[in-house]
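Below you'll find the structure, written out as structure tokens, and then a few comments.
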Amino acid sequence: MGKIFNNGFEYKADSRDFLDALMDNTHYCGLLRNLEKEPTYGKLLDWMLAYKPILTDTEKKLPDLKEIYKMAGIPYSHIGTDLRDIYFAIFKLNIDDPRKFRDRDEKLCHLLINYFGQRVRFRLGLNIIPRAGDKFIFSFVKPILGGDTFWVKNIKHEIYNGGQMVTIVMEGEPTNLYLQLLTEKAFLSDTINGQEYYGLSKDDTKEKLLKLYKNL
């Protein structure tokens, strides 16, 4: 499988984290179910797809894992493994066939998320392209990153093979406009290089800028 994330510190997700992320995004589970004939996790996948409308239409809460394995008809010892297998199978599908993750009228976008040193990539369709500085909540990546709320840092539009590719770079904290101004100033005066300007050495660049412009 291709590389979907690159972690400095790895968030230790538990089975409930994976369950919550999948139940918040059962459309992705449906994409997977359409491809799999007899997967080992098929019963759990079917239960999630069948139970989601019940959660939506009633005041019921999501059952705990001990109830779910009985309702799904699977051994309790399998549920943690099955949840992880379903989750990462969706990531593999996203790499192999990202266009399944967009509707006809949506623009396919490439998300690059940097969450306090942890990074993940995901491609999906969006009706509206967010702007720099917007808050973006995406619960599906929480088991990997440990968080689901991000801020758009920048957006790149690229024409590729006759079509448009949109890359959205996000971080785990809002942009510091003052620091951004210092970065622009330093880059224009050739004080920092391209890697520093585009945030590839973020912490070192921040210290360098604060020392450089401490009297401003």
Report, ordered by the first and then the second residue, all pairs with beta carbons closer than 7 Å, sequence separation of six or more or different chains, a first member in the stretch 120-140 that is of a type in the set (S, T, N, Q), and a second member that is open to solvent by 50 Å² or more (accessible area, probe 1.4 Å) and outside any loop (DSSP other than H, G, I, E, B). Ser139/Asp24
Is one or more of the residues making up the stretch 177-196 within 25 Å of the chain's Cα centre (by Cα), at pLDDT 75 or above and assigned to a loop (DSSP other than H, G, I, E, B)? no
Of the residues in the stretch 1-39 that are farther than 21 Å from Arg123 by Cα and exposed (fewer than 13 other Cβ atoms within 10 Å of the Cβ), the one that is modelled with the lowest pLDDT is Gly8
Would you check which residues across the stretch 155-172 are open to solvent by 80 Å² or more (accessible area, probe 1.4 Å), touching a strand residue (DSSP E or B) at 6+ places or on another chain (Cβ under 9 Å) and either among the polar types (S, T, N, Q) or in a loop (DSSP other than H, G, I, E, B) (or both) and list them? Gln164
Pairs only if they're at least six apart or on different chains, beta carbon under 7 angstrom, first in the stretch 72-97 and touching a residue at least 60 places away in the same chain (Cβ under 8 Å) and over 13 Å from Met48 (Cβ atoms), second assigned to a loop (DSSP other than H, G, I, E, B) and open to solvent by 20 Å² or more (accessible area, probe 1.4 Å); list them, first residue then second. Lys92/Met1; Ile95/Met1; Ile95/Gly2
Can you tell me which residue in the stretch 42-80 is surrounded by the fewest Cβ atoms within 10 Å (Cβ to Cβ), limited to those that are under 20 Å from Leu93 (Cα atoms) and out of contact with any Ser or Thr (no Cβ under 8 Å at 6 or more places or on another chain)? Asp46
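The values are calculated or read from the model by the stated rules, or taken from the named source; none is laboratory data. Note that this is a predicted model, so its numbers are computed, not measured. Virtual Cβ from ideal backbone geometry, glycine too; neighbours counted across all protein chains shown. Ligands, DNA and RNA are excluded from the accessible area calculation, which covers all protein heavy atoms including side chains. Shrake-Rupley method; radii C 1.70, N 1.55, O 1.52, S 1.80 Å.
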